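Worksheet for the structure shown next.
The values are calculated or read from the model by the stated rules, or taken from the named source; none is laboratory data. This is a predicted model, so every value here is computed, not measured. Quick reminder, even Gly has a Cβ in these numbers, built from the backbone with ideal geometry, and neighbours come from all protein chains shown. The area values use the complete protein model at the heavy-atom level, side chains included, leaving out ligands, DNA and RNA. Shrake-Rupley method; radii C 1.70, N 1.55, O 1.52, S 1.80 Å.
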Amino acid sequence: LVKQSPVMLFMKGSPDAPQCGFSKKTTSLLHKHGIKFGHFDILKDEDVRQGLKEFSNWPTYPQLYKDGELVGGLDVLLELEAAGELVEELTPQASAAGGPVSAKALEEKISAALDASVVRATDESDGCGAKFSILVVSPRFSAMPLIERQRAVHAAIKDEMQTIHALTLRCRTPEQYERDVAAK
């Protein structure tokens with residue numbers, strides 16, 4: 001659960017309707033700095049509320065995690081902000097390519113690895129982690145079952161997959177793609 005999103009906030013309520021002042025201040029701080037995060041309302045699940053206190057050895061809420069590791073509560077976030085380190089601390093780990101995952105970078109890696117004639121990556125990130133939808137058209141797919149096509153794409157972007165939260169793939173042969181286009 002702490003890894004549900006690269007930056008994950010366990011709070012009372014939701015970002016749109018916080019149920020305590022600390023949760024409200026925390027979400028305001030994150031929004032102020034443009035930090036994307038997932039959230040979990042601990043008031044809706046007492047087992048999670050109590051279990052997370054033990055797991056983190058942190059008795060209060062909100063609790064903020066980055067890449068599954070506890071950063072702290074509002075007091076820690078305010079200290080990081082005062083030191084000018086908040087955004088850097090909460091930026092999800094960059095891909096092995098040297099920066100955040102981008103649709104263009106995914107297109108380039110996939111195209112090179114699979115001799116693809118068409119690669120269209122769409123960034124559908126919504127604040128709950130990096131999400132992409134990708135169309136790949138490659139003649140290499142002709143002899144491959146669908147699962148092998150998807151495995152080939154995953155292998156082409158294996159380093160980036162560490163920071164992608166959700167991925168929708170459409171892997172087509174050139175013939176299938178031509179039929180798809182003609183049908184529209």
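Taking θ as phi - 60°, what are the ³J(HN,Hα) couplings along region 62-70 by the Karplus curve (6.51, -1.76, 1.60), each to the nearest whole Hz, with x for Gly and Pro?
These are the phi-based 3J(HN,Hα) values: x, 10, 10, 10, 10, 6, x, 10, 5 Hz.
Count charges around Phe22 for me, please; just the other residues with Cβ under 10 Å from its Cβ, Lys/Arg as +1, Asp/Glu as -1.
On the way: positive: Lys12, Lys24, Lys25; negative: Asp75.
It works out to a net charge of +2.
Where Rh denotes the Kirkwood radius from the mean inverse Cα pair distance, what is Rg over Rh for the chain?
Working: Rg = 20.1 Å, Rh = 18.4 Å.
A ratio of 1.10.
Determine the calculated [θ] at 222 nm for the chain from helices alone, applying -39500 (n - 2.57) to every DSSP H run no shorter than 4 residues and normalising by the residue count; nearest 500 deg cm²/dmol. All intermediate terms of the calculation are to be shown ahead of the outcome.
Numbers: 8 runs with 74 residues, N = 184.
Here the helix-only value at 222 nm equals -11500 deg cm²/dmol.
Considering only DSSP beta bridges whose two residues both sit in the chain, what percent are antiparallel, to the nearest 5? Walk me through the intermediate numbers first.
Numbers: 15 of 27 bridges.
Beta bridges within the chain, antiparallel portion: roughly 55 percent.
Could you tell me the relative contact order of the chain? Use alpha-carbon pairs under 8 Å, at least six residues apart, and round to a whole percent. Could the numbers behind the result be given before it?
Numbers: 297 pairs, mean separation 36.9, N = 184.
Relative contact order for the chain comes out at 20 percent.
Placing unit charges on C-beta atoms (Lys and Arg positive, Asp and Glu negative, everything else neutral), compute the dipole magnitude of region 106-167 about its Cα centre in debye, rounded to 20.
On the way: 7 positive and 9 negative charges, 52 e Å.
Using only the charged Cβ atoms, the result is roughly 240 debye.
Counting only heavy atoms of the protein chains, get the accessible area per residue of region 1-96 (1.4 Å probe) and round it to a whole Å² value. Kindly include the intermediate steps, with their values, before the conclusion.
On the way: 5370 Å² over 96 residues.
Ligands and nucleic acids excluded, the result is 56 Å² per residue.
Given Cβ point charges of +1 (Lys, Arg) and -1 (Asp, Glu) and nothing else, what value in debye, to the nearest 20, does the dipole of the chain about its Cα centre take?
Working: 22 positive and 26 negative charges, 113 e Å.
Magnitude of the dipole: close to 540 debye.
For region 1-140, give the percent of accessible area contributed by carbon and sulfur heavy atoms, probe 1.4 Å, rounded to a whole number. Spell out each step's value before the answer.
On the way: 3690 of 7460 Å².
On region 1-140, the fraction of accessible area on carbon and sulfur atoms equals 49 percent.
What figure in square angstrom, to the nearest 10, would you give for the accessible area of Lys25 with a 1.4 Å probe?
For Lys25, the solvent-accessible surface is approximately 130 Å².
Net charge near Ser102, counting Lys/Arg +1 and Asp/Glu -1 over other residues with Cβ under 14 Å of its Cβ?
Details: positive: Lys104, Lys109, Arg120, Lys131; negative: Glu107, Glu108, Asp123, Glu124, Asp159, Glu160.
Its environment carries a net charge of -2.
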